[in-house]
Amino acid sequence: DGGITQSPKYLFRKEGQNVTLSCEQNLNHDAMYWYRQDPGQGLRLIYYSQIVNDFQKGDIAEGYSVSREKKESFPLTVTSAQKNPTAFYLCATDTGVSGADTQYFGPGTRLTVL
Amino acid sequence: GQNIDQPTEMTATEGAIVQINCTYQTSGFNGLFWYQQHAGEAPTFLSYNVLDGLEEKGRFSSFLSRSKGYSYLLLKELQMKDSASYLCAVRAGDYKLSFGAGTTVTVRA
C-alpha cells in the first residue's frame, strides 16, 4: 500500500525540549517537503530535499533541522530555538521532475508545546 | 516572494454552486493547483492548470488566466461533504509551491 506516513498524529512536549517528527514514504519519490500550518495562514515551507543527502531551507527554517539519509525518510527536528513551535506539521512528496508534479501529503502531526 | 490571495470564508446551500477566486503574483509560473483540506486532515489534490482555460472534473472545475494572474475553483451541486478548506497553490519558477491561506466553505442544508 503506497503512501506517506507521519507519526505520531499528536505530540506534546515541554518548552525547551527538542522533538523529532517522522515522515516516511514508499512512493519512490525523490523530493520531500516539510510545511507548517497555522490557523488562518497558508502552508509555509520549512525545508525541502530534492535528493538523498541534500536539502535546502524554505521560507521559515529558523529553529528547525532536517536530515535526508535515505530516500524514504525525511525527519524534522523542532529545536528549542523555535520561538512558537505549536502548529500542524505536514510532510509532502513529489517526483521532483516537472512543474506538473502533484504534491502528496502525509496525515500530519499536531505538535503542542506546553 | 509570492503573493496569493483568496477569500477567507464562503457559505452556500446544498445543491448550489460556489466559485472560489484566487489571484496571484509570482516570479515565474509553472502551474496552479487546488487542494481540498478537511479540518485536521491532510490536503488532497483536486486540480492542476498550467494553460489558460477551464479544466473540468466531475462536479469540480478550475479556470486559469495567466495574463490576469487569476484562477477560480467552481464547485457544483454542493454536498455537505464539500464543507472544507480549499487551498490555492502556485508553483513558481523555482518549482516550489506557494500556498494561499485557504478558503473555508460551509455548506448548509
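The values are calculated or read from the model by the stated rules, or taken from the named source; none is laboratory data. This is a predicted model, so every value here is computed, not measured. Neighbour counts run over all protein chains shown; Cβ positions are idealised from the backbone, glycine included. Side chains are part of the model used for accessible areas, which takes the heavy atoms of the whole protein and leaves out ligands, DNA and RNA. Shrake-Rupley method; radii C 1.70, N 1.55, O 1.52, S 1.80 Å.
Listed values, structure above:
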{"read-out": "Qualifying residue in region B:20-43 (condition: in a strand (DSSP E or B), within 12 Å of chain A (Cβ to nearest Cβ) and more than 15 Å from B:ASP5 (Cα to Cα))", "value": "yes"}
{"read-out": "Any hit, region B:44-52, residues being open to solvent by less than 30 Å² (accessible area, probe 1.4 Å), more than 30 Å from A:ARG110 (Cβ to Cβ) and either at pLDDT below 95 or within 11 Å of chain A (Cβ to nearest Cβ) (or both)", "value": "yes"}
{"read-out": "Search result, residues across region A:8-54 that are open to solvent by 20 Å² or more (accessible area, probe 1.4 Å), without any contact (Cβ under 8 Å) to a residue 24 or more places away in the chain and within 13 Å of chain B (Cβ to nearest Cβ)", "value": "A:PRO39, A:GLY40, A:GLN41, A:ARG44, A:TYR48"}
{"read-out": "Members of region A:63-86 found to be more than 12 Å from the chain's Cα centre (by Cα) and more than 27 Å from B:ASN30 (Cβ to Cβ), listed by number", "value": "A:GLY63, A:GLU69, A:LYS70, A:THR79, A:SER80, A:ALA81, A:GLN82, A:LYS83, A:ASN84, A:PRO85, A:THR86"}
{"read-out": "Count of region A:69-87 residues which are farther than 30 Å from A:ASN28 by Cβ and surrounded by 17 or more Cβ atoms within 10 Å (Cβ to Cβ)", "value": "2"}
{"read-out": "Sole exception among (1) closer than 25 Å to B:THR8 by Cβ; (2) within 12 Å of chain B (Cβ to nearest Cβ) for A:ALA87, by number", "value": "(2)"}
{"read-out": "Every residue from region B:65-106 that is in contact (Cβ under 8 Å) with a residue 60 or more places away in the chain, open to solvent by 10 Å² or more (accessible area, probe 1.4 Å) and either more than 14 Å from the chain's Cα centre (by Cα) or away from chain A (no Cβ under 14 Å) (or both)", "value": "B:GLU77, B:GLN79, B:MET80, B:GLY93, B:ASP94, B:TYR95, B:THR106"}
{"read-out": "Filtered residue count, region B:1-19, keeping only those that are under 24 Å from B:THR106 (Cβ atoms) and either within 14 Å of another protein chain (Cβ to nearest Cβ) or modelled with pLDDT under 95 (or both)", "value": "6"}
{"read-out": "Inter-residue pairs, beta-carbon under 7 Å, first touching a residue at least 12 places away in the same chain (Cβ under 8 Å) and under 10 Å from A:GLN25 (Cα atoms) and in region A:92-112, second open to solvent by 30 Å² or more (accessible area, probe 1.4 Å) and part of a strand (DSSP E or B), 6+ apart", "value": "A:ALA92/A:TYR104; A:THR93/A:TYR104; A:GLY106/A:THR5"}
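Results for (1) of a type in the set (Val, Ile, Thr); (2) part of a strand (DSSP E or B), shown as yes or no for each residue.
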| position | (1), (2) |
| --- | --- |
| A:GLN50 | no, yes |
| A:PHE55 | no, yes |
| A:GLU62 | no, no |
| A:THR77 | yes, yes |
| A:TYR89 | no, yes |
| A:ASP101 | no, no |
| A:LEU111 | no, yes |
